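Trainee: Dropping a structure here in structure tokens format, bear with me for questions.
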Amino acid sequence: MESLGAVPGSGSLLGRAIAEAFADTGAGPPDLPDDEVTTRLLDTAYQHFCRMGIRRSTMEEVARRAGVSRVTAYRRFATKDALVKHVIRREFRHYFDQFLIEVQQGATAADRVSIGFAGSLQAIRNNPLIGGLMATEPDVLIPSIVGDGGLLLGTVQRFVAGQLRREQLAGTIAAGVDVELVAELMTRLCSSFLVTPSFVVDLDDVDALRTVARRFLAPMLNAG
């Protein structure tokens, strides 16, 4: 079977997977059975993708390692692309859920922006699958972040804008702040750090990232 990343549209597939993770209400995909075999296939695929990358992985190998037949694997996931999509989607859903927990530790809106900015970069960069793909198979994942008609960036921007709007309604940021524009700037800055190495900011230093957020992102929460 042809590998994901070697065919047109793979970036769109990953972009949709990540966008769906942000839009997920927690119920899970309606087309995916919620059973032990499906979970085992997803877990095995995740481990195999982390170890081998996506291009060199096959449905047959994932099925063998999961201890199920090839036919059973294809009944759950009609194609390798479908399997990859669900694995990526699940990883970003885990990240999203953790993000919501972590930002609540901030005492102020500026604290929450600082925690969210640093935590997002660290979580994605350090994730064995997502971070690994960005390092070893960047042409599989990065087009989903910077291209795809802005699908992924638009999804994240709407999520960030929603968080900022809640802060605004609660009176923790200025009423005159254009939350849509601020969310756009925050999202684009974060994506730039993800796809392009920095020789100025240590992306592995959480304190340095939080300092950047406090100095340059938090001031945008005040209407001027």
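The values are calculated or read from the model by the stated rules, or taken from the named source; none is laboratory data. None of these values were measured; they are calculated from a predicted model. A quick note on method: Cβ atoms are made from the backbone with ideal geometry, for glycine too, and the neighbour counts reach across all protein chains shown. Heavy atoms of the whole protein, side chains included, go into the accessibility calculation; ligands, DNA and RNA do not. Shrake-Rupley method; radii C 1.70, N 1.55, O 1.52, S 1.80 Å.
Trainee: Between the range 47-86 and the range 152-207, how many Å separate their Cα centres?
Mentor: 35
Trainee: Please list E91, E102 in order of solvent-accessible area, largest first, computed with a 1.4 Å probe with all protein chains present.
Mentor: Sorted by accessible area, descending: E102, E91.
Trainee: Work through the residues other than T196 whose Cβ is under 13 Å from its Cβ and net out their charges, Lys, Arg +1 and Asp, Glu -1.
Mentor: Residues near T196 contribute +2 overall.
Trainee: Another question, if that's okay. Arranged from highest to lowest average of other beta-carbon atoms within 10 Å per residue, in what order do the peptides 69-75, 182-188, 55-61 appear? Write out the running numbers ahead of the final one.
Mentor: Working: 69-75: 14.1, 182-188: 18.9, 55-61: 16.0.
Put in order of decreasing packing, that is 182-188, 55-61, 69-75.
Trainee: Same structure again: If Lys and Arg each add +1 and Asp and Glu each add -1, what is the summed charge of the other residues whose beta carbon sits under 9 Å from the beta carbon of I54?
Mentor: After counting each charged neighbour, the total is +2.
Trainee: Among 116-128, 160-172, what's the highest-first ranking by average C-beta atoms within 10 angstrom per residue?
Mentor: Descending mean neighbour count gives 116-128, 160-172.
Trainee: Based solely on C-alpha atoms, express the radius of gyration and the Dmax of the range 71-213 in angstrom.
Mentor: Every Cα atom of the range 71-213 included, Rg and Dmax give 16.6, 58 Å.
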